[in-house]
1. Which one is farthest from Y19 (Cα to Cα), of the residues in region 57-73 that are part of a loop (DSSP other than H, G, I, E, B) and modelled with pLDDT of 65 or more?
2. Could you please give the count of residues in region 12-45 that are outside any loop (DSSP other than H, G, I, E, B), more than 9 Å from the ligand (Cβ to nearest atom) and without any contact (Cβ under 8 Å) to a residue 60 or more places away in the chain?
3. If you take the residues in region 46-55 that are assigned to a helix (DSSP H, G or I) and surrounded by 16 or more Cβ atoms within 10 Å (Cβ to Cβ), which one is modelled with the highest pLDDT?
4. Would you mind stating whether P7 is modelled with pLDDT under 85 and not polar (S, T, N, Q)?
Amino acid sequence: MNMDVNPECGAMLAGISAYLDGDLDATACDAIERHCRDCSRCATLVDGLRETIGLCREAGSAPLPEPVRQRAKASIERLLACENPIRS
Ligand SMILES: [Zn+2]
């Protein structure tokens, strides 16, 4: 059975990545929260990020410390790579 990847998951991960670059607004946060209600895998991921980086908690209130941002971004990018396996 194929592991079908929900395209919304990839979009959400990209959204979180954008957040780490400081581009995520309240609307995008809302979309992430909504997706997490339907997707337990992403909900788990976002829960972890919430603790690490305060995702969607106080958007834009304070810049993330660079090491934290880099670490979170690396893990998102790893996840994105798994969501989009390069395979022909
Ligand atoms: Zn998802």
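The values are calculated or read from the model by the stated rules, or taken from the named source; none is laboratory data. This structure is a prediction, so every number in the text was calculated from the model and none was measured. Neighbour counts are summed over all protein chains in view; Cβ atoms, including those assigned to glycine, are modelled from backbone coordinates with ideal geometry.
1. First, the residues of region 57-73 that are part of a loop (DSSP other than H, G, I, E, B): 57-65.
Pick out the ones that are also modelled with pLDDT of 65 or more and you get 63-65.
Working: P63: 11, L64: 10, P65: 13 Å.
The selected residue is P65.
2. The first filter runs over region 12-45 and keeps only residues outside any loop (DSSP other than H, G, I, E, B), leaving 12-20, 26-38, 40-45.
Now restrict to residues that are more than 9 Å from the ligand (Cβ to nearest atom): 14-20, 26-34, 37, 44.
Those still in the list that are without any contact (Cβ under 8 Å) to a residue 60 or more places away in the chain too: 15, 18-20, 26-34, 37, 44.
Matching residues across region 12-45 total 15.
3. To start, the set of residues in region 46-55 that are assigned to a helix (DSSP H, G or I) comprises 46-53.
Applying the additional criterion that residues be surrounded by 16 or more Cβ atoms within 10 Å (Cβ to Cβ) yields 46, 49, 53.
Working: V46: 83, L49: 79, I53: 69.
Only one residue tops the list, namely V46.
4. Values: modelled with pLDDT under 85: yes; not polar (S, T, N, Q): yes.
Yes; evaluated as a whole, the condition is true for this residue.
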